[in-house]
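This report concerns only the one structure given below.
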Amino acid sequence: MPESPVVIIGRSSSHFTRVATLFAAELGLPWTLEVVPRLLSHDPADFGGHPALKLPTLITQGAPVYGAENICRKLTALAGRAGDPTLVLPEHVHDDTARNAQELIWVAMSAQVSMRLLKPGEEPPTPYLLKTQAGLRGALAWLDARLDDTLAALPTPRQVSVLEVTLLCLVDHLRFLPTFPLDAYPRLLAFADAQGQRESAQRTVFHFDPRPPRDPR
Ligand SMILES: N[C@@H](CCC(=O)N[C@@H](CS)C(=O)NCC(=O)O)C(=O)O
């Protein structure tokens, strides 16, 4: 275990950030969140040095790790549990349905970011954004229809999987910052309700961090 808390640069309202903090909570790793002050900043320093201006970034031993999936992988190592088969990372999933599900979850998470970065005043949305929303709905429908098969294909026994954590964060974020009704995805909603009971989920509930008053995002 690291002697001091790991530093995660992100936001408590960000679903990619929550993947990292929830995984840290699952592993019992103390973390501190450094809040990205301006989401539309062009300064990598605002994102922990992330050259592509994205969050989250993990800083450990002075070095950055970019992206939620990489951070989960690094956290398992920091917790002294690299190779523990009960911590299911994407490389431990060998079933095509579950692999496709993981891909669609990442795509849907990015689509949700695009939808949320549209200012209300910028509507009507561009054709590309409309396509993004259609793709998000398509991904959710696919995931809802195949949820049981997907979960059944994950390795067991397991404490936690990146797939389940990302799916919880995706669905919960769509409820936290709604872009359209979710009634068409009852299995995903039930899954998020159940996963949301985990202590790690309760400790990382979405909320807005204090931020400069002139930044509406
Ligand atoms: N591949 C990255 C994606 C991260 C991402 O898109 N994060 C969002 C926040 S939830 C972001 O940085 N949005 C700001 C932007 O896209 O400009 C990961 O897995 O962490």
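Observations, loosely collected:
- Pairs with Cβ under 7 Å, 6+ apart, first in the range 96-109 and more than 16 Å from the ligand (Cβ to nearest atom), second part of a helix (DSSP H, G or I) and of a type in the set (D, E, K, R): THR97/ASP149
- Residue check for ARG11: over 21 Å from LEU78 (Cα atoms) and either without any contact (Cβ under 8 Å) to a residue 24 or more places away in the chain or open to solvent by less than 40 Å² (accessible area, probe 1.4 Å) (or both): yes
- Set side by side, the residues PHE176, PHE180, PHE208 differ, and just one is of a type in the set (Phe, Trp, Tyr) and open to solvent by less than 20 Å² (accessible area, probe 1.4 Å), which is PHE180.
- Conditions (1) assigned to a helix (DSSP H, G or I); (2) surrounded by fewer than 19 Cβ atoms within 10 Å (Cβ to Cβ); number of the one not met by ALA111: (2)
- Of the residues making up the range 54-68, those that are open to solvent by 20 Å² or more (accessible area, probe 1.4 Å) and within 14 Å of the ligand (Cβ to nearest atom) number 6.
- Listed conditions (1) more than 13 Å from SER161 (Cα to Cα); (2) open to solvent by 50 Å² or more (accessible area, probe 1.4 Å) are all met by PRO85, apart from (1).
- Residue match in the range 117-128 (condition: in contact (Cβ under 8 Å) with a residue 12 or more places away in the chain and assigned to a helix (DSSP H, G or I)): no
- Of all residues in the range 28-40, those that are open to solvent by 10 Å² or more (accessible area, probe 1.4 Å) and either in a helix (DSSP H, G or I) or more than 9 Å from the ligand (Cβ to nearest atom) (or both) total 9.
- Of all residues in the range 14-27, those satisfying the criterion of being open to solvent by less than 30 Å² (accessible area, probe 1.4 Å) and either in a helix (DSSP H, G or I) or more than 8 Å from the ligand (Cβ to nearest atom) (or both) are HIS15, THR17, ARG18, VAL19, ALA20, THR21, LEU22, PHE23, ALA24, ALA25, LEU27.
- Of the helices (runs of 4 or more DSSP H) lying entirely inside the range 140-217, the ones with 1 or more residues being among the basic types (Lys, Arg) and within 16 Å of the chain's Cα centre (by Cα) are found at 162-176.
- Test: LEU75 is away from the ligand (no atom under 16 Å from the Cβ), touching a residue at least 60 places away in the same chain (Cβ under 8 Å) and open to solvent by less than 60 Å² (accessible area, probe 1.4 Å): no
- Of the residues LEU151, LEU136, LEU143, LEU117, the single one that is touching a Leu at 6+ places or on another chain (Cβ under 7 Å) and either of a type in the set (A, V, I, L, M) or at pLDDT 95 or above (or both) is LEU143.
The values are calculated or read from the model by the stated rules, or taken from the named source; none is laboratory data. Because the structure is predicted, anything quoted here is derived from the model rather than measured. Please note: Cβ atoms are built from the backbone with ideal geometry, for glycine as well, and neighbour counts cover all protein chains shown. Remember, those area values only see protein heavy atoms, side chains included, never the ligands or the DNA or RNA. Shrake-Rupley method; radii C 1.70, N 1.55, O 1.52, S 1.80 Å.
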